[in-house]
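Asker: Starting off with a structure, shown below.
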Amino acid sequence: MEEGQQVVMRFAPNPNGPPTLGSTRGIVVNSEYVKRYGGKFIIRFDDTDPQTKRPMLEAYDWYIDDCKWLGAEPDEVVIASDRIPIYYEYAKLLIEMGHAYVCFCNGAEFKKLKDSKQACPHRNTSPGENLEKWEKMLSGEYEEKTAVLRIKTDIQHKDPALRDFGAFRIIRTPHPRPEVDDKYCVWPLLDFEGAIEDHELGMTHIIRGKDLMDSEKRQGYIYSYLGWTYPKTTHWGRVKIHEFGKFSTSGLRHAIEEGEYSGWDDPRLPTLRALRRRGIMPEAIRKFMIDMGVGETDISISLDTLYAENRKIIDPKANRYFFVWDPVHIEIKGREHCIATPPLHPTEDRGNREIEAGPQLYICREDADKLTAGSKIRLKELCNIEITSLEPLQASYLDDSIGSVKKEKVKIIHWAPADGIPVTVLSPDGEFRGIGEKQIATELDNVVQFERFGFCRVDDVGKEIVAYYTHK
RNA sequence: GCUCCGAUAGUGUAGCACGGCCAAUCAUGCAGGACUCUCACUCCUGCGACUGGGGUUCGAAUCCCCAUCGGAGCACCA
């Protein structure tokens, strides 16, 4: 990238669902360049398809919200469906110049001709006549699918993808935005809308997916007809995330409607809202995306890298608590009531928590399963015990000293008091239910670490704790 | 079918536009160890790659060609 030049870049989603990890690359990478070089970051909603990829009203705010959360607050917000008249003007201009024509072929017919490098019968219509037909299109005289405005390129071009492409089509479905609704029945297609907007908004650079490489070549025709210079472009390859595989916004939407997921922030989903709810920090996501670079290679990446990034950020901040999943009751004979005071954090000096402990406790089943009568074990920050019975699980109190434990390398496990608070952890791999220490209730919205379990974000602290699993 | 793009360790990435400083960087992962009243954190050590074949050159990860593999476009989707 050049020195000392101000940059104008954009992120242009169709708000037909919330931002996902896929969209995030566009947000982070583009905004990062603007941060580094100075300039303007624009979010432009390419919401010009009221039908097939129908925008979702709530999603506009979701995008802006998630951009802010990611530290990529846009300097300007543009909504394409507000700017249809601009596109009409340029369409008219191009028709007058003889670079666009109204085509009445049906899709299959046109494709056949195009594939054999044949011009369709409408290609040679005079600008004047095209103008009339264009007006008719706009005034609603034609039915859906009967007419389309095409941009002339080179019908003989060796790359079929670049031969005369569609610029506007007729859609009678009203737009979901109430301010637009049924105002228009002629809608621009991406290559046209994007071409005009990128120029109108003064874009200097565009970084987007490789799938839009041909877009640049198609739009190049419009740019040269209008005497414009195309922004500098860079492309990135296809990204596949191991944990999520292939997904599409419409597919997710369907699954949510079917009740397969609890909503757009279901912890199993690759949406930003879900990751946020799980306690993934925006800085971690930014770093993850930036380290990925902008190579054209198709990549298949694991979330482990994101988790490692996130762990570095949250580990010093997350207070530690005991959460016993799949709990098993254990009785400690000879143990008085007392208050255990484990530190909130092992290395950061942040004080201690208090847990009232009596003879009745819970431990994890997976720990209990490893016990045999006579085994010695240390209850972390509490005391040492010796198992006396497995069914029911009982133990006798030995002592409190930690010294012997270290010397003898006795296994240390965590525990929860009998009167602890119920905890449910929602994770991508399912739910974990158990008992935790009551003080977890003071951590609403915070990411904590359940010792020997993993990091979680405390989502609700009513009668029971609901936490979303972050990662190990 | 036509067209376009890409290919460095398990994964991601640096290096490639201006060939030698690359027996190839960094991160993550994995293995071993230290530390630790967590299976977290931290620290140490180790593992591991230029897709293949030709060519150009004194010299190629870097340039050229072919092959293979991967991806994308050819929508009245974005």
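The values are calculated or read from the model by the stated rules, or taken from the named source; none is laboratory data. Since we're looking at a predicted model, the values are computed, not measured. In this analysis, Cβ positions are derived from the backbone assuming ideal geometry, glycine residues included, and neighbour counts consider all displayed protein chains. Protein only, heavy atoms only, side chains kept; ligands, DNA and RNA dropped before computing areas. Shrake-Rupley method; radii C 1.70, N 1.55, O 1.52, S 1.80 Å.
Asker: Tell me which residues come under 5 Å, amide H to amide H, from A:V324 once H is placed; ignore anything under 5 positions away on its chain.
Answerer: A:I435, A:G436
Asker: Work the Kirkwood hydrodynamic radius out for chain A: mean of 1/r over every pair of different alpha-carbon atoms, inverted, in Å. Display every interim value, and only then the final one.
Answerer: On the way: mean 1/r = 0.0380 Å⁻¹.
One over the average 1/r among Cα pairs gives 26.3 Å for chain A.
Asker: Sticking with this structure for a sec: Whole-Hz Karplus ³J(HN,Hα) for segment A:37-51, in order, using 6.51 cos²θ - 1.76 cosθ + 1.60 and θ = phi - 60°, x for Gly and Pro?
Answerer: 9, x, x, 10, 10, 10, 9, 10, 8, 8, 9, 9, 10, x, 10
Asker: Per residue of segment A:156-167, in order, report the coupling 6.51 cos²θ - 1.76 cosθ + 1.60 (Karplus, θ = phi - 60°) as ³J(HN,Hα) in whole Hz, putting x for Gly and Pro.
Answerer: Along segment A:156-167, the couplings run 9, 3, 5, 8, x, 5, 9, 7, 2, 10, x, 10 Hz.
Asker: Turning to a different aspect of this structure: Show A:K158, A:K312, A:K136 ordered by accessible area, largest first, where the area counts protein heavy atoms only and the probe is 1.4 Å.
Answerer: Numbers: A:K158 175, A:K312 145, A:K136 80 Å².
Result, largest first: A:K158, A:K312, A:K136.
Asker: Calculate one ³J(HN,Hα) per residue across segment A:352-368 by plugging θ = phi - 60° into the Karplus curve 6.51 cos²θ - 1.76 cosθ + 1.60, and present them in order as whole Hz with x for glycine and proline.
Answerer: With the stated coefficients, segment A:352-368 comes to 10, 9, 10, 10, 6, 10, x, x, 9, 9, 10, 10, 5, 4, 5, 7, 4 Hz.
Asker: Given H placed 1.01 Å from N in the peptide plane, which residues other than close sequence neighbours of A:L344 have an amide H under 5 Å from its amide H?
Answerer: Those lying under 5 Å, H to H, from A:L344 are A:R350, A:G351, A:N352, A:R353.
Asker: Then there is this: Tell me, in nm to one decimal, what length is gained between A:K145 and A:T229 on full extension, where the rule is 0.36 nm per residue of separation less the Cα-Cα distance?
Answerer: So the chain would gain 27.0 nm between A:K145 and A:T229.
Asker: Calculated from DSSP H runs of 4 or more alone, at -39500 (n - 2.57) each and per residue, what is the 222 nm mean residue ellipticity of chain A, nearest 500? Write down the numbers at each step before the final one.
Answerer: Values: 13 runs with 135 residues, N = 472.
Calculated from helices alone, the mean residue ellipticity at 222 nm is -8500 deg cm²/dmol.
Asker: If each of A:I301 and A:I86 carries a label point 7 Å out from its Cα toward its Cβ, how far apart are those two points in nm?
Answerer: Those two pseudo-labels are separated by 3.2 nm.
Asker: Could I ask something else about it? For A:M213 and A:Q156, FRET efficiency with R0 = 25 Å and r from the beta-carbon atoms, rounded to 0.05? Intermediate results must be reported in sequence, preceding the final value.
Answerer: Details: r = 21 Å, r/R0 = 0.83.
Result of the calculation: an efficiency of 0.75.
Asker: How tilted is helix A:84-96 with respect to the longest principal axis of chain A? Cα atoms for both, answer in degrees (0 to 90, nearest 10).
Answerer: 30
Asker: Between A:V7 and residues 5 or more places away or on another chain, which pairs have amide H atoms under 5 Å apart, with H built 1.01 Å from N, and which residues are they?
Answerer: The list, which skips near neighbours in sequence, is A:G39, A:K40.
Asker: Something else now. Please report, as a whole percent, how much of the solvent-accessible surface of segment A:85-187 comes from carbon and sulfur atoms (probe radius 1.4 Å).
Answerer: 50
Asker: Helix A:127-138 versus the longest principal axis of chain A: what is the Cα-based angle in degrees, 0 to 90, to the nearest 10?
Answerer: Helix A:127-138 sits roughly 40 degrees off the main axis of chain A.
Asker: Oh, and also: Using 0.36 nm per residue, how much length does the chain from A:K246 to A:K136 gain when fully extended, once their Cα-Cα distance is taken away?
Answerer: Fully extending the segment from A:K246 to A:K136 adds 35.4 nm.
Asker: Ignoring ligands, DNA and RNA, what percent of the 1.4 Å accessible area of segment A:320-471 is carbon and sulfur?
Answerer: 48
Asker: To the nearest 0.05, how large is the calculated FRET efficiency for A:K111 and A:V77 if R₀ is 30 Å and r is the Cβ-Cβ distance?
Answerer: 0.25
Asker: For segment A:325-418, what does the accessible surface come to per residue with a 1.4 Å probe? Please give it in Å².
Answerer: Each residue of segment A:325-418 exposes 54 Å² on average to a 1.4 Å probe.
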